[in-house]
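The block underneath contains the structure these notes are about, expressed in structure tokens.
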Amino acid sequence: MTKYPSIPTYHTLGDKGALLEETVIFDGEVILTEKVDGTNSRIILLPDGNFVLGSREELLFAKGDLIGNPALGIVNSLKDVADSLPPSQDCITVVYLELYGGKITSASKQYTAEQRVGWRLFDVAVLTEMDTLFTKSTKQLSAWRDNGGQLFLDEAQLNKTAKDYRLELTPRLAKVTALPTSIKEAHEFLLTILPKTNVALDAGAKGRAEGIVARTISRGAIAKLRFEDYERHTKRRN
């Protein structure tokens, strides 16, 4: 129910990771944010004041637990953050954070030389139809989620929530009315707009960024552009 949906690549992935010229279609103003290479984490805020912590795939800890799952350092890093957040009001609020640095992924050295850990808010979902949702099977919930059933905050609401929760958002890079459509131009655009990461945790970080997430202001369309995908495509062509 609260698992974060997969974000499609801007250019469609073909066989063996090759990119195709087909793109996600954006209609209207598009906001570009830095995609941080960490682990997708969630804080599930419940109406009764309790919370649950999870990775993208698993639930790891509930408020009051004596023992939590230490996977990826999520519980250790975010338990106090979750404790500081206000309870959800008559709904389930899911706070999605990218936890990065430390020894979390192979890219951690791009953000820290001192194994520091950071987190950035990148989305918030609000689930209001709880009675209906809890009657669905796992398969039904997966279909509901993958077909846009979760209600995500728009950009203005997300900014307000970040301030209310005292959490930093993933860096906002630009607002554009169109993205380059060719693979070559999209790669060049990526290099220009994000030459290095904006979320380094110390001066010794190597500084390579993962890429960007593009979404309409209303969040009606969303896609990711990763350096790795475009570099692999270029290497295959050469």
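Quick one: which residue in 193, 212 is at pLDDT 95 or above, open to solvent by less than 30 Å² (accessible area, probe 1.4 Å) and in contact with a strand residue (DSSP E or B) (Cβ under 9 Å, 6 or more places away or on another chain)?
Exactly one of 193, 212 is at pLDDT 95 or above, open to solvent by less than 30 Å² (accessible area, probe 1.4 Å) and in contact with a strand residue (DSSP E or B) (Cβ under 9 Å, 6 or more places away or on another chain), namely 212.
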Exercise. Of all the residues that make up the stretch 4-19, how many are in contact with a Ser or Thr (Cβ under 8 Å, 6 or more places away or on another chain) and touching a residue at least 40 places away in the same chain (Cβ under 8 Å)?
Worked result: 3
Problem set entry | Every residue from the stretch 140-169 that is in contact with a strand residue (DSSP E or B) (Cβ under 9 Å, 6 or more places away or on another chain) and either open to solvent by 70 Å² or more (accessible area, probe 1.4 Å) or over 17 Å from residue 218 (Cα atoms) (or both) | 151, 157, 165, 167, 168
For this session: Could you name every one of the helices (runs of 4 or more DSSP H) located completely within the stretch 71-176 that has at least 1 residues being free of Cβ contacts under 8 Å to residues at least 12 places away in the same chain and closer than 24 Å to residue 205 by Cβ?
Result: 74-84
For this session: Go through (1) touching an Asp or Glu at 6+ places or on another chain (Cβ under 8 Å); (2) more than 15 Å from residue 33 (Cα to Cα) and name the single condition residue 136 misses.
Result: (1)
Exercise. Of the residues that make up the stretch 20-41, is at least one without any contact (Cβ under 8 Å) to a residue 60 or more places away in the chain and in contact with a Pro (Cβ under 8 Å, 6 or more places away or on another chain)?
Worked result: no
Exercise. From 182, 137, which residue is closer than 24 Å to residue 4 by Cβ, over 15 Å from the mean Cα position of the chain (by Cα) and open to solvent by 20 Å² or more (accessible area, probe 1.4 Å)?
Worked result: 137
Exercise. For residues in the stretch 10-68 being under 22 Å from residue 209 (Cβ atoms) and among the aromatic types (Phe, Trp, Tyr), which is surrounded by the most Cβ atoms within 10 Å (Cβ to Cβ)?
Worked result: 10
Problem set entry | Residue in the stretch 16-36 that is out of contact with any Asp or Glu (no Cβ under 8 Å at 6 or more places or on another chain) and within 29 Å of residue 132 (Cβ to Cβ) present | no
For this session: Exactly one condition in (1) farther than 28 Å from residue 135 by Cβ; (2) at pLDDT 95 or above; (3) in contact with a helix residue (DSSP H, G or I) (Cβ under 9 Å, 6 or more places away or on another chain) is not met by residue 74; state its number.
Result: (3)
Exercise. Does residue 207 satisfy being on the phi > 0 side of the Ramachandran plot, part of a loop (DSSP other than H, G, I, E, B) and open to solvent by 30 Å² or more (accessible area, probe 1.4 Å)?
Worked result: no
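The values are calculated or read from the model by the stated rules, or taken from the named source; none is laboratory data. Keep in mind the model is a prediction, meaning the values are calculated, not measured. Here the Cβ is made from the backbone with ideal geometry for all residues, glycine too, and neighbour counts use every protein chain on show. In case anyone asks, the SASA skips ligands and DNA or RNA and just uses the protein heavy atoms, side chains included. Shrake-Rupley method; radii C 1.70, N 1.55, O 1.52, S 1.80 Å.
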